[in-house]
Amino acid sequence: MEELQNEATRCLNCKTMPCHKACPLGNDIPSFIKAVKEGNLEEAYKILTKTTVLGAICGRVCPHFKQCMGSCVRGIKSEPINIGKLEAFVFDNALEKGYKLEKNSKLLGKKVAVIGGGPSGLTCSAFLAMNGAKVTIYEKQSKLGGITMYGIPDFRLPREVIEKTVNNILSLGIETKCNQELGKDYSLDEITKKYDAVYLSFGANVSAKMNIPGEDLNGVFGGNELLETGKHPDYRGKIVAVSGGGNVAMDAARTIKRMGAKKVYVIYRRAREQMPAEDYEVEEAMKEGVKFLFQNNILKILGNEKVEKLECIKTALVQREGETRLSPVNIEGSNYTIDMDYVVMAVGSKANKDVVEKTGLETTKYGNIKVDQKYMTSKEGVFAGGDLIGTKATVAWAARSGRNAAEEIMKYLI
Ligand SMILES: Cc1cc2nc3c(=O)[nH]c(=O)nc-3n(C[C@H](O)[C@H](O)[C@H](O)COP(=O)(O)OP(=O)(O)OC[C@H]3O[C@@H](n4cnc5c(N)ncnc54)[C@H](O)[C@@H]3O)c2cc1C
């Protein structure tokens, strides 16, 4: 506690609040830090729960250096305030002590179904339930939490933290129907008939493909699916390539290395500075023995039935007009082959096409569910948010759209 209070004391309490502006959830960071400084952890929790119910998770996995901590004025000349650690501490303490989320009765008597219990669905449910709605979460898995539970590995986010967060949210009186999959166990039409409003938040956790020759060989996997299902091949003594440079690539590579692979390569088309993954994650992966092939691209996966080799090529980075980041261009003649046993695709995530099609809702050109400014889909009373509508794929942005949608659902129902 003393160490954290000392950290809080370093906060300059800037009038312009750049940290608050950089937080996707708009958390009142200076005020909660002030409360921590004064030793009032319950007050700090109350301040944070005006905007978030996922502090124990966000405090651990948000890309803080791209958000709040990246804009901390202290960080200009020295280390930024460790906002993530302070937020997690405030929530851990609250969950330990059993502080409850506050309720009112604005939506009393209104029934809302939430399909998908990840960060977005949980946040939407919590803000609706805090306002008195009777919420039921339908979830295809046996546990709630979404990718935080079935994706982000335990070594980054302990399962206990997710379970306590979920239980605290459910203690608002939210009903859950787990092992209930939209499109299989029930249809959207059936659900809309039973509820006053519906919030769709079933995510976008299907691995995108590179569309290169050999991608259908045995031994090629999607990173999202491996991490979601936990169904891995035996990597012991094998060489594995992970294609991509974001969270999924880092989590897959580190998990596979820990599972005994002889060599794990992360193959990324751009340079380290352009990687979407947090720098500390890359650092950790390197320490754990993962090898990085920056500015390399996979051209073909070679093999007879199963993966045997990769044909790769080196890339140069060029600035193209109208593009914000450098584009990789293959360097002619720099092709080479490398022995390989397994390939993991971590080059992007998309929504489940079958389930989306079965809803009959309008979609965007990227296959996400289309919503208007009020988070309403093409069907009256059916709202959507989180990764499913293509928000920036982070926990905090998914939660933000859940909270925004809850506000819009509230306006719709009152
Ligand atoms: C491996 C990995 C690591 C990541 N690491 C980070 C990180 O460190 N920091 C960060 O901020 N973000 C990270 N992200 C991104 C972040 O996890 C997502 O942006 C966020 O979880 C999206 O929340 P969501 O609620 O929209 O969707 P999800 O978390 O995907 O939740 C969707 C829920 O819907 C359920 N569902 C799916 N289909 C159905 C159906 N048909 N019927 C009923 N329920 C269904 C799912 O089981 C799931 O519980 C990571 C993503 C991945 C894949």
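We did not get these values from a lab; they are worked out from the coordinates using the rules stated. Keep in mind that this is a model prediction, so the values were computed, not measured. Counting neighbours? That spans all protein chains shown, and the Cβs are built from the backbone with ideal geometry, glycine included.
Quick notes
- Counting neighbouring beta carbons within 10 Å and listing from fewest to most, the residues 369, 57 come out as 369, 57.
- Distance from region 181-204 to region 307-327 (C-alpha centre basis), Å: 40
- Note on residue 263: aspartates and glutamates with a C-alpha under 12 Å away, same-chain residues under 8 apart excluded, are 288, 339, 341.
- Cβ crowding within 10 Å averaged over residues, with 122-134, 335-347, 176-188 ranked highest first: 122-134, 335-347, 176-188
- 26 Å Cα-Cα reach of residue 34 towards lysines, excluding residues that sit fewer than 8 places from it in its own chain: 15, 21, 46, 50, 66, 77, 85, 97, 100, 103, 164
- Between 0 and 90°, nearest 10: helix 247-258 axis offset from the chain longest Cα axis: 70
- Peptides 99-110, 297-308 ordered by average Cβ neighbours within 10 Å, highest first: 297-308, 99-110
- Contact order normalised by residue count of region 208-348, Cα under 8 Å, 6+ apart, percent: 33
- Degrees, to the nearest 10: 119-130 long Cα axis against longest axis of the chain: 0
- With semi-axes defined as the square roots of five times the eigenvalues of the C-alpha gyration tensor, the equivalent ellipsoid of the chain measures 37, 28, 19 Å, largest first.
- Packing rank of 350-360, 2-12, 202-212, where each peptide gets the mean count of other beta carbons within 10 Å, highest leading: 202-212, 350-360, 2-12
- Cα gyration tensor shape of region 208-348, rounded if a/c is under 1.5, else prolate or oblate by comparing a/b with b/c: oblate
- Length released on extending from residue 5 to residue 331, taking residue separation times 0.36 nm less the Cα-Cα span: 112.1 nm
- Extending 7 Å from Cα along the Cβ direction at residue 339 and again at residue 321 yields two label points whose distance is 4.8 nm.
- Pairwise Lys count, region 353-414 - Cα closer than 20 Å, eight or more residues apart or different chains: 15
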